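What follows is a short report on a single structure.
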Amino acid sequence: MAEMASVGVNTINRFEDGQDARLSSVDKMKRALESAGVVFLSDGQTIDGGPGVRLAKK
């Protein structure tokens, strides 16, 4: 993930641990996940109405 997002491994570890991360790093991680097929869903797009993620249809 760190390599795909062009961020440091420590950045990933801190983010996963719930610590602060730069907005630019979070944006890079999100773009890397999206390029791997992850779709981010906003409120109202999931069964329970909250935000979520899913894999893109092929």
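The values are calculated or read from the model by the stated rules, or taken from the named source; none is laboratory data. Since the model is a prediction, treat every value here as computed from it, not as a measurement. All accessible areas refer to the heavy atoms of the entire protein, side chains included, with ligands and DNA or RNA removed. Shrake-Rupley method; radii C 1.70, N 1.55, O 1.52, S 1.80 Å.
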message: I'd like to verify a number: residues in region 8-44 that are of a type in the set (S, T, N, Q), open to solvent by 70 Å² or more (accessible area, probe 1.4 Å) and more than 19 Å from LYS58 (Cα to Cα), how many?
response: 3
query: Which members of region 3-38 meet the condition of being within 12 Å of the chain's Cα centre (by Cα), outside any helix (DSSP H, G or I) and among the β-branched types (Val, Ile, Thr)?
result: VAL38
query: If you check GLN45 against the conditions, is it at pLDDT 85 or above, part of a loop (DSSP other than H, G, I, E, B) and farther than 15 Å from MET1 by Cα?
result: no
